[in-house]
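Right, one structure below, let's go through it.
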Amino acid sequence: MNGIILFALSALFAISSAMATTGPSEPGLDRGRSIYEQRCLECHGAEGRGDGMKAPFLSPRPGNLVSAATSAKSDKDLLKIIANGRPHTAMPAWKDHLSEEDQRAVLQYVRSLIRFTRPLTPPPPAP
Ligand code: HEC
């Protein structure tokens with residue numbers, strides 16, 4: 001009897017620790033991804049490089065969101081652009097379409113694209 005309970009407990013423990021090791025769950029990231037795919041991908045491209053389906057027809061071209069120039073900008077600056085758009089470009093203002101929370105989630109997703117992109121310049125040769 002005791003053995004069964006112990007077995008059940010250890011099975012439960014194994015399952016929960018397996019779930020814990022699949023990486024931190026970032027609900028904002030999933031949300032950000034679906035918003036990005038619905039709203040941003042057509043211009044900024046699947047990897048954020050500014051090569052979406054509509055990009056060839058736009059002038060100026062959509063920003064390369066994984067560029068060093070964009071990566072270096074603060075969350076505050078990027079959120080401002082996302083909320084208000086970029087005047088004289090195709091970049092729309094999202095503040096009437098996305099809640100502040102959604103704007104943050106989509107920025108979080110954009111930032112995650114940067115992490116998974118290989119650096120453009122090769123590392124310097126070893127001395
Ligand atoms: C209709 C096309 C289009 C869509 C849709 C679009 N963008 Fe843009 N985006 C642009 C263009 C064009 C620029 C301006 C590039 C420039 O300034 O030269 C831009 C610029 C930006 C910048 C500024 C980059 C920088 O370094 O200053 C951010 C951040 C950005 N977009 C995020 C988003 C996000 C997030 C979404 C989805 C919610 C989105 N964009 C949807 C076209 C688009």
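Mind counting the residues in segment 100-127 that are among the hydroxyl-bearing types (Ser, Thr, Tyr) and either outside any helix (DSSP H, G or I) or free of Cβ contacts under 8 Å to residues at least 60 places away in the same chain (or both)? It would help to see each step written out before you state the result.
The first filter runs over segment 100-127 and keeps only residues among the hydroxyl-bearing types (Ser, Thr, Tyr), leaving 109, 112, 117, 121.
Of the ones still in play, those that are also either outside any helix (DSSP H, G or I) or free of Cβ contacts under 8 Å to residues at least 60 places away in the same chain (or both) are 117, 121.
Number satisfying all stated conditions: 2.
Being more than 7 Å from the ligand (Cβ to nearest atom), among the small types (Gly, Ala, Ser) and within 20 Å of Gly50 (Cα to Cα) is the filter here, so list the residues in segment 70-127 that pass it. Even if it seems obvious, please write down each step before you answer.
Taking segment 70-127 as the starting set, the residues that turn out to be more than 7 Å from the ligand (Cβ to nearest atom) are 71-72, 74-77, 79-80, 83-85, 87-88, 93, 95-97, 99-105, 108-109, 111-127.
Within this subset, residues satisfying the condition of being among the small types (Gly, Ala, Ser) are 71-72, 74, 83, 85, 93, 99, 105, 112, 126.
If the condition is that a residue be more than 7 Å from the ligand (Cβ to nearest atom), among the small types (Gly, Ala, Ser) and within 20 Å of Gly50 (Cα to Cα), then Ser71, Ala72, Ser74, Ala83, Gly85, Ala93, Ala105, Ser112 are the ones that fit.
For the subset of segment 46-63 comprising residues that are within 14 Å of Ser112 (Cα to Cα) and either near the ligand (Cβ under 8 Å from one of its atoms) or among the small types (Gly, Ala, Ser) (or both), which member is surrounded by the fewest Cβ atoms within 10 Å (Cβ to Cβ)? Talk me through it step by step, then tell me what you get.
Of the residues in segment 46-63, the ones within 14 Å of Ser112 (Cα to Cα) are 46-49.
The next check asks that each one be either near the ligand (Cβ under 8 Å from one of its atoms) or among the small types (Gly, Ala, Ser) (or both); those that pass are 46, 48.
Details: Ala46: 12, Gly48: 26.
Top of the filtered list is Ala46.
What pairs come out if I take residues in segment 84-99 that are farther than 14 Å from Cys40 by Cβ and pair them with residues that are polar (S, T, N, Q) and surrounded by 11 or more Cβ atoms within 10 Å (Cβ to Cβ) whose C-beta lies under 9 Å away, six or more apart or interchain?
Once the first residue is farther than 14 Å from Cys40 by Cβ and sits in segment 84-99, its partners that are polar (S, T, N, Q) and surrounded by 11 or more Cβ atoms within 10 Å (Cβ to Cβ) give Lys95/Asn84; Lys95/Gln103.
Applying the selection to segment 94-127, what residues are modelled with pLDDT of 90 or more and exposed (fewer than 14 other Cβ atoms within 10 Å of the Cβ)?
Listed by number, the residues that qualify are Asp96, His97, Ser99, Glu100, Glu101.
Does segment 22-39 include one or more residues that are touching a Cys at 6+ places or on another chain (Cβ under 9 Å) and modelled with pLDDT of 95 or more?
As a first pass, look at segment 22-39 and keep what is touching a Cys at 6+ places or on another chain (Cβ under 9 Å): none.
No: segment 22-39 contains no residue that is touching a Cys at 6+ places or on another chain (Cβ under 9 Å) and modelled with pLDDT of 95 or more.
The values are calculated or read from the model by the stated rules, or taken from the named source; none is laboratory data. Given the structure is predicted, the values throughout are model-derived calculations rather than measurements. Glycine gets a Cβ as well: all are built from the backbone with ideal geometry, and neighbour counts include every protein chain shown.
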